[in-house]
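The values are calculated or read from the model by the stated rules, or taken from the named source; none is laboratory data. The structure displayed is predicted, hence computed values, not measured ones. Every residue, glycine among them, receives a Cβ derived from its backbone with ideal geometry; neighbour counts consider all protein chains shown. When the accessible area is computed, the model is the full protein with side chains, heavy atoms only, and any ligands, DNA or RNA have been set aside. Shrake-Rupley method; radii C 1.70, N 1.55, O 1.52, S 1.80 Å.
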Amino acid sequence: MSAGGGGLGTPRALPSSGPRALRDMPHPLAASSSEEAASELTPSPDLLLPRSFADKDLSLPNGTPVDTSSPASSSSLLNRLQLDDDLDGETRDLFVTVDDPKKHICTMETYITYRVTTKTTRAEFDLPEYSVRRRYQDFDWLRNKLEESQPTHLIPPLPEKFVMKGVVDRFSEEFVETRRKALDKFLKRIADHPVLSFNEHFNVFLTAKDLNAYKKQGMALLSKMGESVKYVTGGYKLRSRPLEFAAIGDYLDTFVLKLGTIDRIAQRIIKEELEYLVELREYGPVYSTWGGLEVELAEPLEGVSACIGNCCTALEELSDDMTEDFLPVLREYILYSESMKNVLKKRDQVQAEYEAKLEAVALKKEDRPKVPAEVEKCQDRVECFNADLKADMERWQNNKRQDFRQLLMGMADKNIQYYEKCLMAWESIIPLLQDKPETK
């Protein structure tokens, strides 16, 4: 059965993320050439933070509203820091969203498909809007084709194919939604790229009703640049990586190390929170049962029990947000860094080939040996790699700053909400604990 076919099982719709405004990006070949390799990478100014956090309703699970007029309120904090990036949305001409995951049960397999919706005004598209269904292996096919045909560019990563750590059921609603968000981000990053978004394989992925026919074409659609890099042998050894790209490699190594450490600690924190949550759920009811034995203390004891229950709910929400929103971003950027390292290795291979061929020409006994066309083409590939890699690195740095500011803002917001809810829960029972005047 093709990915676009219907399944025998009852489809289960999940929440969808709407289209987001995308940024204008310069063409990579407009970046500095390899002759300017000594110049430093100067990332563009920080992008504006998107309006991704709306004012939150901080009411307690028992219905008690939380006063957000305090300067410490998460809502007022977000209001002060919110910025709007909708201004450049009018200049974009390609919008892609992934939503509506559906489960398909067939004789041989069970799988999930996602609806991919495209809206565009580009001339290379026959229609202004498309809607197709794709499964994970189709996204994987697209990424492989982009790597083959655009070897000089950084291809965004896909979420891991297999079940992520801590998730047992890959068909669970939580897992499917986490994957949908990652696939949506994957396509949005490609649509936002000034070169990748024009790739013919991307066009086919967005428009073809049956993708299997295109998959069978195999290597036929590889570009000349893709073939030239793909078949570079390992016989060339790079003398030394240029300082600019060596600095990028060192940065990526350190960056991955830091993210890996944060990821491990965050997982330990979540584990400890869940263990604490188990204790709290056993702790609260004790006060309620105690209240049945103490008539005069029944009301305040019931209040303490309810308060602990509200704190349990708030803690569970905090742990879920960390699992569903925080950890996936860390893992995406770890994979992103590995993708960048792979592009660096390809660049090194092309440069090593160029150096070897140039040295072979220099060793000829002619006084003024003519540089063969093959060597000039190799030099062009090196310069193209340098320009594309530098431009993609700058774009990646901009995206990273924006994503992590949004991530950390969300973390601050969720923690403030958690403590506000706990504070309000405990404050709500103070009147019950205060001494009441005895009636005569």
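The figures follow:
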| item | result |
| --- | --- |
| Residues of region 128-141 classified as hydrophobic (A, V, I, L, M, F, W, C) and open to solvent by 80 Å² or more (accessible area, probe 1.4 Å), total | 0 |
| Residues of region 270-292 that turn out to be touching a helix residue (DSSP H, G or I) at 6+ places or on another chain (Cβ under 9 Å) and either open to solvent by 70 Å² or more (accessible area, probe 1.4 Å) or in a loop (DSSP other than H, G, I, E, B) (or both), as a count | 8 |
| Pairs, first closer than 14 Å to Arg331 by Cα in region 173-184, second open to solvent by less than 10 Å² (accessible area, probe 1.4 Å) and part of a helix (DSSP H, G or I), C-beta under 8 Å, six or more apart | Leu183/Phe139 |
| Region 292-306, subset in contact (Cβ under 8 Å) with a residue 12 or more places away in the chain and small (Gly, Ala, Ser), residue nearest to Leu433 (Cα to Cα) | Gly303 |
| Scope region 91-101; condition open to solvent by 20 Å² or more (accessible area, probe 1.4 Å) and touching a Phe, Trp or Tyr at 6+ places or on another chain (Cβ under 8 Å); matching residues | Asp100 |
| So Arg405, is it open to solvent by 70 Å² or more (accessible area, probe 1.4 Å), in a helix (DSSP H, G or I), under 30 Å from Leu274 (Cα atoms) and at pLDDT 90 or above | yes |
| Residue that is surrounded by the most Cβ atoms within 10 Å (Cβ to Cβ) [pool: residues in region 102-118 that are modelled with pLDDT of 95 or more and not hydroxyl-bearing (Ser, Thr, Tyr)] | Val116 |
| Residue match in region 334-346 (condition: farther than 28 Å from Arg264 by Cα and part of a helix (DSSP H, G or I)) | yes |
| Qualifying residue in region 283-291 (condition: free of Cβ contacts under 8 Å to residues at least 12 places away in the same chain and under 30 Å from Ala373 (Cβ atoms)) | no |
| Answer from Phe125, Phe198 - the residue that is open to solvent by 20 Å² or more (accessible area, probe 1.4 Å), in contact (Cβ under 8 Å) with a residue 24 or more places away in the chain, more than 20 Å from the chain's Cα centre (by Cα) and within 30 Å of Leu389 (Cβ to Cβ) | Phe198 |
| Within region 150-180, considering residues that are in a helix (DSSP H, G or I) and among the hydrophobic types (A, V, I, L, M, F, W, C), the one modelled with the highest pLDDT | Val176 |
| Flag if Thr233 is modelled with pLDDT of 95 or more and either buried (at least 16 other Cβ atoms within 10 Å of the Cβ) or polar (S, T, N, Q) (or both) | no |
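For every residue, the table says whether it meets (1) at pLDDT 85 or above; (2) farther than 17 Å from Pro156 by Cα; (3) surrounded by 18 or more Cβ atoms within 10 Å (Cβ to Cβ); (4) of a type outside the set (A, V, I, L, M).
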position: Glu316; (1), (2), (3), (4): yes, yes, no, yes
position: Met322; (1), (2), (3), (4): yes, yes, yes, no
position: Arg331; (1), (2), (3), (4): yes, no, yes, yes
position: Glu338; (1), (2), (3), (4): yes, no, no, yes
position: Leu344; (1), (2), (3), (4): yes, no, yes, no
position: Ala356; (1), (2), (3), (4): yes, yes, no, no
position: Ala362; (1), (2), (3), (4): no, yes, no, no
position: Glu366; (1), (2), (3), (4): no, yes, no, yes
